[in-house]
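Heads up, the thing below is written out as structure tokens.
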Amino acid sequence: MLGLINKAIENFAIDTYGKRFWNSFTRRHLNGEFTFEPLLEYEHALTFRLIDWLAEARSKTSADIMEDIGTFLVSQRNGEALRRLLRFGGANFVEFIFSLDELNERSEIALKDLNLPQLSVERINQNSVSVRVDQSWPGFEHVMAGILHSLADDYGALVFINVSPPEGGSAYLVLELIQHHFTEGRKFSLA
């Protein structure tokens, strides 16, 4: 797994729980104070163990930690670049959701070795959309739920997101758009 993912988990833990927590956490689980290098490769299993260890340390589920990380990725001060990259997907939340089909190609332009799980979007009805998330990164659907909740707020849309348990190599997010313009949303300009 590209170290950028582990670095994001590290940044989330430090920003959310503090540097002292992270140092204690890495001494316990990684045999010393530790920081991840974004462009190095790490074992996939380590990334998932980090999530499980964080969940245990904070008395949360792994799914809750992953959703919190998804929210963190686009809402924290250092996440502006990712938020802007995602916002290029559409002028409104619905356009953005349908641009998720292209997210893998856009992420490969930015970071060739990232290899995000494949996403595919399908309209269920006028106000409902299904996002299929393959399980190459188990639990990534929860990260996406956090990202989508944050971006719905960013667009000013009111959305209900239901995450289904994985089945047959895929998990599904069902998005119910309650209101397109619930709030004003954040300003965004292509320039």
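Rule-based calculations on the coordinates, nothing more; no lab input. Everything quoted here is computed from the prediction, not taken from an experiment. Positions of Cβ are generated from backbone atoms using ideal geometry, with glycine treated the same way; all protein chains shown enter the neighbour counts.
Please list, or write none, the aspartates and glutamates whose alpha carbon is within less than 16 Å of the alpha carbon of K60, excluding same-chain residues fewer than 8 places away.
Result set, ordered by chain and number: D52, D68.
Using a simple charge model, +1 on the beta-carbon of Lys and Arg, -1 on the beta-carbon of Asp and Glu, nothing else, what dipole does the range 3-60 show about its Cα centre, in debye to the nearest 20?
Working: 8 positive and 8 negative charges, 64 e Å.
Here the size comes out at about 300 debye.
Working out 0.36 nm times the residue gap between E167 and S59, then minus their Cα-Cα distance, what length gain in nm do you get to one decimal? If you can, show how the numbers build up before the last one.
Details: separation 108, 0.36 × 108 = 38.88 nm, distance 2.63 nm.
Full extension from E167 to S59 adds 36.3 nm.
Please state the charge dipole magnitude for the chain, taken about the Cα centre, from unit charges on C-beta atoms (+1 on K and R, -1 on D and E), reported in debye and rounded to the nearest 20. Can you show the working numbers first?
Working: 18 positive and 26 negative charges, 125 e Å.
Rounded to the nearest 20 debye, it is 600 debye.
Under the definition of Cα pairs under 8 Å and six or more residues apart, what whole-number percent is the relative contact order of the range 3-60? Write down the numbers at each step before the final one.
On the way: 41 pairs, mean separation 24.4, N = 58.
Value for the range 3-60: 42 percent.
What does the net charge come to around S130 if you take all other residues with beta carbon closer than 15 Å to its beta carbon, with K and R at +1 and D and E at -1? Walk me through the intermediate numbers first.
Details: positive: R123, R132; negative: D101, E122, D134, E141, E167, E176.
Net of charged neighbours comes to -4.
Using a cut-off of 15 Å between alpha-carbon atoms, which aspartates and glutamates can reach K19, once sequence neighbours fewer than 8 places away in the same chain are excluded?
The reachable aspartates and glutamates, counting only those whose Cα sits under 15 Å from K19, are E10, E33.
If each of I124 and F48 carries a label point 7 Å out from its Cα toward its Cβ, how far apart are those two points in nm?
With each label placed 7 Å out from Cα toward Cβ, I get 2.7 nm.
Please give the calculated 222 nm ellipticity per residue for the chain, where each DSSP H segment of at least 4 residues contributes -39500 (n - 2.57) and the sum is spread over every residue; nearest 500 deg cm²/dmol? Don't skip to the end; give the middle numbers.
Numbers: 8 runs with 93 residues, N = 191.
Calculated at 222 nm, the ellipticity per residue is -15000 deg cm²/dmol.
Once the piece of chain linking E102 and E41 is laid out straight, how much longer is it, given 0.36 nm per residue of separation minus the C-alpha distance between them? Please report the intermediate quantities before stating the final value.
Working: separation 61, 0.36 × 61 = 21.96 nm, distance 2.46 nm.
Extending this stretch completely gives an extra 19.5 nm.
What net charge is computed for the residues neighbouring E141, neighbours being all others with C-beta under 12 Å from the C-beta of E141, Lys and Arg scored +1, Asp and Glu -1?
Values: positive: R132; negative: E67, D134, E167.
My count for the surroundings of E141 gives -2.
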